[in-house]
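Please treat every number below as a calculation from the coordinates, not as lab data. In this text, all values refer to a predicted model and were calculated from it rather than measured experimentally. Here the Cβ is made from the backbone with ideal geometry for all residues, glycine too, and neighbour counts use every protein chain on show.
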Amino acid sequence: MAATAAASNNGSTFAGSSAVELSAWLEGHGVDTAMYGQDTARTIADLFEEIANAESILAVHGSGASSRALRMVNVLNLYIKNSAGQVLIEAAQRLPDGRLRQRGLPLSEKMIGQEEWQTAAVRAVSEELATALPQDWREQLCIEVSSYHSLVEIQESTSYPGLLTQYTCHKVTAQLPCLPQQPFSTSEPRPSGELVNYWEWRQPSPTIAACMSTQDFKES
């Protein structure tokens, strides 16, 4: 079972009921939100929706003057391979407001609450790729369970500038032969409009190849 790691020293977590309260909480814990919603950054409303959907937790990390806000997320990374040894990569996203975000990532989905990684993998395909798949895609999805491994990374979020984020990454490879073999796009409804994802097959970069390997994660 996936569990968000407890990284808060004092147990203080955000429990507000609006995006306005969230903005004030972040500002009060050292995060300048002025750039949220600008360039490729997501909005305060996006972050509040993520928290409300149990996709992340905001806590206070550290104590005293050194304390700061910490976002904790469980992420499922699904490395879908084709017969040519290429990996499906989300090249870019068109946000509902028209902004284009470059991605360069495998199929990734934030996990919900205590969701099992196997459940998250199927949900990721359903939510992200279903508009490009036939109805019987579940029968063709082959998740390579033996490839599963996990690791924890802590870094500042690119989606939410200045917000330190702890990612517990659950990584696994899969095959789904019914996917289009040429570049394609999919769409997802969002409260503010439609999110468009652009996909293409690429030879795995050294970084992605290392992430796909279980060699260094036998104790995960």
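Here are the numbers for this structure:
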quantity	calculated
GNM result for the chain, Cα springs below 10 Å: residue of S23, S83, S159 fluctuating most strongly	S83
In Å, descending, principal axis extents of the Cα set of the chain	53, 43, 29
Length gained when the stretch Q114-A45 is fully extended (0.36 nm per residue, less Cα-Cα span)	22.5 nm
Fully extended contour minus Cα-Cα distance, from S146 to A54, at 0.36 nm per residue	30.3 nm
Net lengthening on full extension, T207/R190 (0.36 nm per residue, minus Cα-Cα)	3.0 nm
Derived scalar couplings ³J(HN,Hα) [segment 195-205; Karplus, 6.51 cos²θ - 1.76 cosθ + 1.60; whole Hz; x for Gly, Pro]	9, 10, 10, 10, 10, 8, 8, 9, 5, x, 5
Net charge of neighbours whose Cβ lies under 10 Å from the Cβ of V75, counting Lys and Arg as +1 and Asp and Glu as -1	-1
Charged-residue dipole, Cβ positions (Lys, Arg, Asp, Glu), the chain about Cα centre, Debye nearest 20	340
